[in-house]
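Before any comments, here is the structure.
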């Protein structure tokens, strides 16, 4: 069964979300709120998965009057900005192996996966850093044209994820390797690292990801 | 819920109130009819007629004041429509896609690969000067534009397949598949190598750029710099108009071995793969090596010999513990049966004969590498072909060079 393919272990993960300041431009989103300074509060990213989050301070939601609410159709989609820290000062675990990023102890998150019974583990180790992006969009789009002629024959709706154009990274790093145990603190721990990656600065990521069911939906 | 205007909201509220009043009256009539049917059939018939009339009257009222369906809102499916839904998998198409990252000290960009050392333990600083996936005619990454990856009628797919299907042939298992656009055989495909191919010229679904449309064949490039003790070497690899149609990764759980098993088909076609040693300024290149009309079709694992990917556990010998193991086991034995002395099917156990015939004659199990021409500078070295390679046994284990 597919459910018995792999075992997973996540340890030492501590994400933090910083709320972005409100922007003055209005986006045609599902929900709208007016802060004390005016404008629309954008949705923030959390755990790399997009959920709704509102700031807990300074810019509380206020009720809209009927006329303003009547103008919101809620079908234009969603625009999302994110500022996500992963283990910027270490994770939640503090022991001889895990600590903050000022000493030699491990401070990044660790994801381990076991592909065989009683076997070793694939490891994504020391994962940490900061990701900032602005303008990730979500909407339903009907395609009946373009795409070099494919659109007319397709004539269906898709989920469109608009990529942000630029993703800013700060101190992003991870290590890929294999290990005898899921955690470094387990007995018999032995790890072989294949390579480590470190990234800084702006990465160009442009375009749209179109997702739709195949077969006969 | 948000309403288009207050007038519609008022009508909807009134409609709901009216419908609620009708529903209450219908319920009363039906309740009375249940209680009184045996006692007074005439009154019961009257109750039924009353309920029926109310039901009929309430339907137009609901329809007259109902909110008109907005574009994009959910609609009810009929049983016939729902029975036709198969929901095979998820299709993904990247529209106007562009990825680029690298190292540029002035722009504050850094992209490094660490953990690499020389054989004598010296650290190697491996810097990715540029990594990109972009549109065609990028001039080796100098002029990046958008490209589509996948087509709406032939997208990248994530699917769950039935292992009992003879085409999949993993009985009793559900198989997860990550697949690139499939190759087509209906005459609508394009030549996989030509960057100016027209429809009907080949089997690849992804189209080259033409007539202002950027197509579905990206330029892909990687520029690396390796620095050891202050001395740098450069390696740049660029693929023009690359195609991966027909590639897939299939994964399932092997219940006998209790581990992940798989099958990988890796296709890669490009009219030009160039290799050079230019530095980040584009100078110091020497001669550029060009492999033209490169076609690679690599098969790793199949249903007779799945690819087994695992990591040695703590109980493995010291030199293997914690290291990656990539294995294609020898073919399993078929059911008992003899093959005739002449090797023909007529005198053999047909099941056993078909088993071996499928294994040795199925082109899907074979790997091929074609190079149209290798050019170094201005010298042509000719082409090369490696065809029909069948991997019958493979066992690779990594080893940590750290003492």
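The values are calculated or read from the model by the stated rules, or taken from the named source; none is laboratory data. Since this is a predicted model, take the numbers as computed values, not measurements. A quick note on method: Cβ atoms are made from the backbone with ideal geometry, for glycine too, and the neighbour counts reach across all protein chains shown.
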Checklist entry - Residue check, residue B:177 against (1) part of a loop (DSSP other than H, G, I, E, B); (2) more than 9 Å from every other protein chain (Cβ to nearest Cβ), all met but one. Which one? => result (1)
Next on the checklist: Would you confirm whether or not region B:167-176 contains a residue that is surrounded by 14 or more Cβ atoms within 10 Å (Cβ to Cβ), over 18 Å from the mean Cα position of the chain (by Cα) and modelled with pLDDT of 95 or more?
Outcome noted: no
Checklist entry - So which residues in region B:347-365 are outside any helix (DSSP H, G or I) and under 17 Å from residue B:336 (Cα atoms), if there are any at all? => result B:347, B:348, B:349
Next on the checklist: Scan region A:92-111 and tell me whether some residue there is within 12 Å of chain B (Cβ to nearest Cβ), in contact with a strand residue (DSSP E or B) (Cβ under 7 Å, 6 or more places away or on another chain) and either more than 30 Å from residue B:308 (Cβ to Cβ) or assigned to a strand (DSSP E or B) (or both).
Outcome noted: no
Checklist entry - Taking the stated definitions as given, is residue B:146 surrounded by 17 or more Cβ atoms within 10 Å (Cβ to Cβ), modelled with pLDDT of 95 or more and in contact with a strand residue (DSSP E or B) (Cβ under 9 Å, 6 or more places away or on another chain)? => result no
Checklist entry - Looking at region B:306-326, which of its residues are buried (at least 17 other Cβ atoms within 10 Å of the Cβ) and part of a strand (DSSP E or B)? => result B:307, B:308, B:309, B:310, B:311, B:324, B:325
Next on the checklist: On the basis of being modelled with pLDDT under 95 and either surrounded by fewer than 20 Cβ atoms within 10 Å (Cβ to Cβ) or within 13 Å of chain A (Cβ to nearest Cβ) (or both), does residue B:187 make the cut?
Outcome noted: yes
Checklist outcome for this item: residue B:299: passes all of (1) more than 14 Å from chain A (Cβ to nearest Cβ); (2) over 23 Å from the mean Cα position of the chain (by Cα) but (2)
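Conditions tested, residue by residue: (1) more than 9 Å from chain B (Cβ to nearest Cβ); (2) outside any strand (DSSP E or B).
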{"site": "A:137", "(1), (2)": "yes, no"}
{"site": "A:159", "(1), (2)": "yes, no"}
{"site": "A:174", "(1), (2)": "yes, no"}
{"site": "A:183", "(1), (2)": "yes, yes"}
{"site": "A:187", "(1), (2)": "no, yes"}
{"site": "A:196", "(1), (2)": "no, no"}
{"site": "A:203", "(1), (2)": "no, no"}
{"site": "A:206", "(1), (2)": "no, no"}
{"site": "A:211", "(1), (2)": "no, no"}
Next on the checklist: If residue A:152 satisfies all but one of (1) more than 7 Å from chain B (Cβ to nearest Cβ); (2) under 18 Å from the mean Cα position of the chain (by Cα); (3) without any contact (Cβ under 8 Å) to a residue 40 or more places away in the chain, what's the number of the condition it fails?
Outcome noted: (2)
Checklist entry - Is there a residue in region B:112-131 that is at pLDDT 95 or above, within 12 Å of another protein chain (Cβ to nearest Cβ), in a loop (DSSP other than H, G, I, E, B) and closer than 21 Å to residue A:207 by Cβ? => result no
Checklist entry - Looking at (1) crowded, with 18+ Cβ neighbours inside 10 Å; (2) under 13 Å from residue A:14 (Cβ atoms); (3) more than 13 Å from chain B (Cβ to nearest Cβ), which is the only condition residue A:89 fails? => result (1)
Next on the checklist: For the condition out of contact with any helix residue (DSSP H, G or I) (no Cβ under 7 Å at 6 or more places or on another chain) and on the phi > 0 side of the Ramachandran plot, what is the one hit in B:344, B:322, B:313, B:337?
Outcome noted: B:322
Item to check | Among the candidates B:339, B:369, B:331, residue that is touching a residue at least 24 places away in the same chain (Cβ under 8 Å), more than 14 Å from every other protein chain (Cβ to nearest Cβ) and in a loop (DSSP other than H, G, I, E, B) | outcome: B:331
Next on the checklist: Checking the condition within 14 Å of chain A (Cβ to nearest Cβ), part of a loop (DSSP other than H, G, I, E, B) and either surrounded by 19 or more Cβ atoms within 10 Å (Cβ to Cβ) or in contact (Cβ under 8 Å) with a residue 40 or more places away in the chain (or both), which residue from B:253, B:215 passes?
Outcome noted: B:215
